[in-house]
1. What are the residues in the range B:38-56 that are facing another protein chain (nearest Cβ under 10 Å), more than 15 Å from C:I119 (Cα to Cα) and not in a loop (DSSP other than H, G, I, E, B), if any?
2. Considering only the range B:164-186, how many residues are in a loop (DSSP other than H, G, I, E, B), at pLDDT 95 or above and over 9 Å from the mean Cα position of the chain (by Cα)?
3. Mind telling me which of the residues B:A20, B:A27, B:A15, B:A33 ends up being surrounded by fewer than 22 Cβ atoms within 10 Å (Cβ to Cβ) and of a type in the set (A, V, I, L, M)?
4. So which of A:G54, A:G47 is out of contact with any Leu (no Cβ under 6 Å at 6 or more places or on another chain), over 20 Å from B:A110 (Cα atoms) and touching a residue at least 12 places away in the same chain (Cβ under 8 Å)?
5. Taking the range C:10-40 on its own, how many of its residues are in contact with a helix residue (DSSP H, G or I) (Cβ under 8 Å, 6 or more places away or on another chain), part of a loop (DSSP other than H, G, I, E, B), β-branched (V, I, T) and over 18 Å from A:P94 (Cβ atoms)?
6. Hey, among A:C142, A:C68, A:C110, which residue is touching a helix residue (DSSP H, G or I) at 6+ places or on another chain (Cβ under 7 Å), buried (at least 24 other Cβ atoms within 10 Å of the Cβ) and more than 10 Å from chain B (Cβ to nearest Cβ)?
7. Looking at (1) free of Cβ contacts under 8 Å to residues at least 12 places away in the same chain; (2) surrounded by fewer than 21 Cβ atoms within 10 Å (Cβ to Cβ); (3) in contact with a Ser or Thr (Cβ under 9 Å, 6 or more places away or on another chain); (4) within 14 Å of chain A (Cβ to nearest Cβ), find the lone condition where C:P9 falls short.
8. Which residues, counting only those in the range A:37-65, are surrounded by fewer than 19 Cβ atoms within 10 Å (Cβ to Cβ), within 9 Å of another protein chain (Cβ to nearest Cβ) and on the phi > 0 side of the Ramachandran plot?
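The values are calculated or read from the model by the stated rules, or taken from the named source; none is laboratory data. As the structure is a prediction and not an experimental result, all values here were calculated from the model. Because the Cβ atoms are built from the backbone with ideal geometry, glycine has one as well, and the counts that use them run over all protein chains shown.
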Amino acid sequence: MPPDLSPPSITVALRVNGSEHQLVLDPRTTLLDALREHLQLTGTKKGCALGQCGACTVLLDGKRVKSCLSLAGLIDKRDITTIEGLSSGEQLHPLQTAFVERDAFQCGYCTPGQIMAGVACIAEGHAGSAEEIREWMSGNICRCGAYDNIVAAIQDAAGAAGATGRG
Amino acid sequence: MHPFTLERPRDLAAALAFQAQAGRTDAAAEYIAGGTDMVQLLQEEVRQPTRLVSLAGVLDHRIEVNDQGLRIGAAATMADVAAHSGIVQQFPLISEALLNSASPQVRNQATMGGNLLQRTRCPYFRDVGYTACNKRVPGSGCAALTGDNQWHAVLGTSDNCIAVHPSDLAVALVALDAELEVRSASDRRTLRLIDLHRLPGDTPHIEAALEPGEVIAAIQVPSGPAARRSHYLKVRTRASFEFALVSVAVALDMDGPRVATARIALGGVGTKPWRTPEVEAALKGVTPGSPEVRNAAALAAQGAQGRGHNDFKIELMQRAIVRAVEIAGARA
Amino acid sequence: MSAAFIGQPISRVDGRSKVTGSAAYAAEFIVPGHAYAAIVRANVAKGRIATIDSARAEGAPGVIAVFTYRNSPRLAYRPHKGAVDPEVGERLHVLQDDRVTHQGQPIGLVVAETLEQAIDAANLVSVTYTPESAVVDIAHVTPVAPTQQKTDQGEKRPSETLRGNVESALAAAEVTIDQTYVIPRENHNPMEMHATIAAWDGERLTLWDKSQWVGNVAEEIAAVFGIPATNVHVISPFVGGAFGAPHVAACDVGGARCAGRRTTRQTHVVTSGNVLRRGIPPAHGPARRARRIARGPSLRDAA
């Protein structure tokens, strides 16, 4: 194929926060850009576009992944949960509440990614101690330096979720 | 990213029919599995395949552990393998190496096969603004030779390329004598993992011993007493989520307090995962923690060549071997 | 301030919007029908553009326009200095001539229908340079001494302030230490990458911009374009970290405005992470400080 011609678009069925969307996309579209530019779900953030900062973290079939490193065309028919899907109406998820109560953010740009990663960290059973949380949250960085409060918020929510780690 | 056609085949036969080739930086058709390295390479325009063949759903992802050993489907994720109870108990070296790699999110997406075939982190390779990179553009030179080369290799280099292979998993598997099941449309062959990655020599753009239309289907590791008494030591400048300056995979089969058989492989220092048969031979009969270990470790430096900013690795890797042997030896 | 709040753990007013992802940052405003723009950046540290060929980029799918110094409008660039700008130095004139003063300097702007098309087409612009030798070591720079500094009231005052008598205190000191310290260069690296969306409506411009200081951006933009500052409306309700970076009306803003005006499309300029480390001025350059410390009873006489 001559390099400068348009590649064939692809049809993708993205299931996001329980709703299915049919999109016709450039194959180069990352999941992150599909969410932000095509579905106007801008809660998931672009901090580096290279998988190094974690601001783009979403849940894929319940597991945390970096949406900037996923091609949307390869996420057909899988369940995606973004920050917008975490709360139910006015009711915040316990980890969101914990972030507010522990002031676990300043500028807020890393926050959705931290929360999505934190939800998964708790569900995986990796929130047993501050040290364990720091290691298992190493995929998310915070330039404002809210790490201590982020760890505290995750501990709060993990404790409330109980020893089984459900949260 | 440069435009590409994204193929989403329904089964392995259909995927192989595209004749994609892994391990060549000039391939027109490449595979994509988890995508955690490939998407970066595409974003930075380091790789510009015209066709991308997805392996999602067409490769085996099962993890099987029994008395003979271990078989891991190439599509198994780093996270699933690291957490598998059979691997944690019988092949802890593999789990350790994986948990020392990347971040939790990346480990959920990245696959075994993709990890073994990931490209070097050399900044001159990864940034197309640098015109001299023989791996990216054959014949253009190597900027790292006279540039900032503290991350680069001291073993297995040539004057055409000194880039380090970045995979921790590969180092652990090489120490454990892993073999690969390689499949093509017409054939199935076994390839020792140590023979997968090629030295740069005169052709740094050819990285793996895979033909067009071949794919890594599974990884096999034989069982043995050494597999259990092991340690993966990773020396790096950050506590987490960073590649190795130097790493050591050690697996020991002990005879009382002394080493009967040692398996040692190095990461961060070689253009491919570096097995050290001379060190292993010299460790026979040696007690971990004794001064003889350092004499044995010194043999790893034979043929090592510093390039100015990475000379420290030659001393560091010897010390890392000593430390790793001591830790592995102390394990029950 | 009411005593009811002081000392109390009050939640941030924007707490809920930040933890739910509803707080909107610069790149996230929905401006229907906007195009995307990607920046072409210089790959030499200093020199001149010898040739710049945008034919391949112009022919790429979805590309609306490609701007270089060759076809960009000549902008007014009326004098402007924000209150924190140094007295010495001049701001970068974007796409106005063939000069390259730093690695990563914007030298082109590609406007396209989609993000992927704009970013890829930017890599299709081929550039050759006549490089010049660049000074990259502060030891080789002849410092330009700041002369005057205006106070808020417009009065001039010396740029140095002195208190006490340093020289005599040092001369009488029992021990003095005279040392030079060099601070490494720091980059801001905030989490939010720079972005701007620009929409022209006749002579009026709306910018959704990442900025800590919208007033300065509006004034600077007005000066660049030679339009009244009241014609420029800058919107930036949330900033994803700045650490001084968006004080500067960055080149992406200049680019967006150029592009928006020429193409009659609202334009959204994005900056990639790699680029952020090269194109945006650093928070703290390498600095050399000499500190002389006196020990002994003379200490209280020193500044």
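1. Matches in the range B:38-56: B:M38, B:R51, B:L52, B:S54.
2. 5
3. Working: B:A20 fails: surrounded by fewer than 22 Cβ atoms within 10 Å (Cβ to Cβ); B:A15 fails: surrounded by fewer than 22 Cβ atoms within 10 Å (Cβ to Cβ); B:A33 fails: surrounded by fewer than 22 Cβ atoms within 10 Å (Cβ to Cβ).
Just one listed residue meets the conditions, B:A27.
4. A:G47
5. Residues flagged as in contact with a helix residue (DSSP H, G or I) (Cβ under 8 Å, 6 or more places away or on another chain), part of a loop (DSSP other than H, G, I, E, B), β-branched (V, I, T) and over 18 Å from A:P94 (Cβ atoms) within the range C:10-40 amount to 0.
6. Numbers: A:C68 fails: more than 10 Å from chain B (Cβ to nearest Cβ); A:C110 fails: touching a helix residue (DSSP H, G or I) at 6+ places or on another chain (Cβ under 7 Å).
On inspection, the qualifying residue turns out to be A:C142.
7. Condition (3) is where C:P9 drops out.
8. A:Q40
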